[in-house]
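Just below is one structure, and these are the notes that go with it.
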Amino acid sequence: MAQQRIFSGVKPTGHLTLGNYLGAMRQWAQEDQYRADALFCVVDLHALTVDHDPARVRRLTRQAATLLMATGLDPETCTLFVQSHVDEHTRLAYLMECTATDGEMRRMIQYKEKAARERERGGSVRLSLLTYPALMAADILAYGTDEVPVGEDQTQHVELTRDLAVRFNQRYGHTFVVPRATNPKVAARVMDLQDPMSKMGKSHARTAGIVYLLDEPEVVRKKVMRAVTDAASDVVYDRAERPGVANLLDVLAACTGRDPRGLAEEYDSYGALKKDTAEAVVEMLRPVQERHGELAADPSYVDGVLRAGAERARTMARPRVDAAYRAVGLLG
Ligand code: TRP
């Protein structure tokens, strides 16, 4: 069987977090790039679907690419690039908008939540927030992707991508591979340390419960030591009833490769659990931060990697997107 193709992306809407790392990025670097023909993309166009500061998007895009390399993505092994450098994404997104229905788009949980939040604040919702999944489908389908390793919250978007691929193929002839979403094996859905019922997200305004990959060790320690726990004081693993402690156990388990239930038995106080969790996170991030420092000191090297990555990605996407244009009846 031919080698599988993997595609995944990260949005430059905030500083990358421990949640991004344990939820997806770590597996990209440690496993996915070696077992398949893998593309990883900083999806900058997706950052424009909400209010944004141009200078910040530019900075975060370069930082995300640098951090992806710092986690171990090797430009000799995988293709690392920036979405807006490859026109095929937006070319194909239009055909996806012509394949999807507006009802499908409006049913997306991420759209409903973000649009509701925006309206509550009295703001307006950009049309691109609604059509976002069409662009995401294009990201994936342009490359003949078999597998999309993502955090759980993206599963619905990948399901929609599958539906669009099947529909397009039925209407216009076989053009796209129908991809599937996969979640990381060591599933770490890291929650906000101050609000363990909600995900540790990079776009959140309140940052006390969010560990960023570039946080200094002292900052990491402080955030973990101040994590919200529960009124009880014994250490048990119970996601529903004791979400704060469960989250710490999950993080410690993900850092050490152990099982959270087994770990729970070894602790009889929150203080000791927090201390060990903080140290485990600091040690895990140390090499990533060191490598990030080296790469950030050499931006022209990073830019070169991104240029070469975009070149390669374009070559891969072009024939399939051209074929899709012809298939729908556009003069090729
Ligand atoms: N929607 C994803 C997120 O919010 C980012 C993304 C865009 C993506 N295009 C993609 C992920 C294609 C995987 C594949 O995290």
Has the stretch 299-312 got at least one residue that is under 18 Å from residue 192 (Cα atoms), in contact with a strand residue (DSSP E or B) (Cβ under 8 Å, 6 or more places away or on another chain) and surrounded by 13 or more Cβ atoms within 10 Å (Cβ to Cβ)? no
Here is a list: 131, 145, 101. Which entry is hydroxyl-bearing (Ser, Thr, Tyr) and away from the ligand (no atom under 15 Å from the Cβ)? 101
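Just to be sure, is residue 155 within 13 Å of the ligand (Cβ to nearest atom), touching a residue at least 40 places away in the same chain (Cβ under 8 Å) and among the hydroxyl-bearing types (Ser, Thr, Tyr)?
So residue 155 fails the test.
Pick from the stretch 5-33 the residues that are in a helix (DSSP H, G or I) and aromatic (Phe, Trp, Tyr): which of them is farthest from the ligand (Cβ to nearest atom)?
Here is the first cut: in the stretch 5-33, the ones in a helix (DSSP H, G or I) are 18-33.
Filter again for aromatic (Phe, Trp, Tyr), leaving 21, 28.
Working: 21: 13, 28: 11 Å.
Only one residue fits best here, namely 21.
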Matching residues, the stretch 46-59, being buried (at least 20 other Cβ atoms within 10 Å of the Cβ) and either more than 18 Å from residue 135 (Cβ to Cβ) or within 14 Å of the chain's Cα centre (by Cα) (or both): 46, 47
Please state which one of 150, 211, 158 is in contact with a Pro (Cβ under 8 Å, 6 or more places away or on another chain) and surrounded by 14 or more Cβ atoms within 10 Å (Cβ to Cβ). 158
Since residue 242 meets every condition but one in (1) farther than 23 Å from residue 184 by Cβ; (2) at pLDDT 95 or above; (3) surrounded by 12 or more Cβ atoms within 10 Å (Cβ to Cβ), which condition does it not meet? (2)
Need a quick list: helices (runs of 4 or more DSSP H) entirely within the stretch 232-307 having at least 2 residues that are among the small types (Gly, Ala, Ser) and touching a residue at least 40 places away in the same chain (Cβ under 8 Å). 243-256, 270-296
Residue that is surrounded by the most Cβ atoms within 10 Å (Cβ to Cβ), among those in the stretch 165-186 that are in a loop (DSSP other than H, G, I, E, B) and not aliphatic (A, V, I, L, M): 176
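What about residue 44, is it in contact (Cβ under 8 Å) with a residue 24 or more places away in the chain and touching a Pro at 6+ places or on another chain (Cβ under 6 Å)? Please lay out each step first, then the result.
Details: in contact (Cβ under 8 Å) with a residue 24 or more places away in the chain: yes; touching a Pro at 6+ places or on another chain (Cβ under 6 Å): yes.
Considered against the rule, which asks whether it is in contact (Cβ under 8 Å) with a residue 24 or more places away in the chain and touching a Pro at 6+ places or on another chain (Cβ under 6 Å), residue 44 comes out as yes.
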Could you please find all residues in the stretch 114-133 being more than 22 Å from residue 163 (Cα to Cα) and in a helix (DSSP H, G or I)? 114, 115, 116, 117, 118, 119, 120
Out of all the residues in the stretch 34-43, which are touching a strand residue (DSSP E or B) at 6+ places or on another chain (Cβ under 6 Å) and either among the aromatic types (Phe, Trp, Tyr) or assigned to a helix (DSSP H, G or I) (or both)? 40
With respect to residue 121, is the statement that it is surrounded by fewer than 21 Cβ atoms within 10 Å (Cβ to Cβ) and either under 30 Å from residue 212 (Cβ atoms) or in the same structural domain as residue 251 (by TED's automatic domain parsing) (or both) true? yes
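The values are calculated or read from the model by the stated rules, or taken from the named source; none is laboratory data. Not measured: the values here are computed from a predicted model. Reconstructed Cβ throughout: ideal geometry from the backbone, glycine too, with neighbour counts over all protein chains shown.
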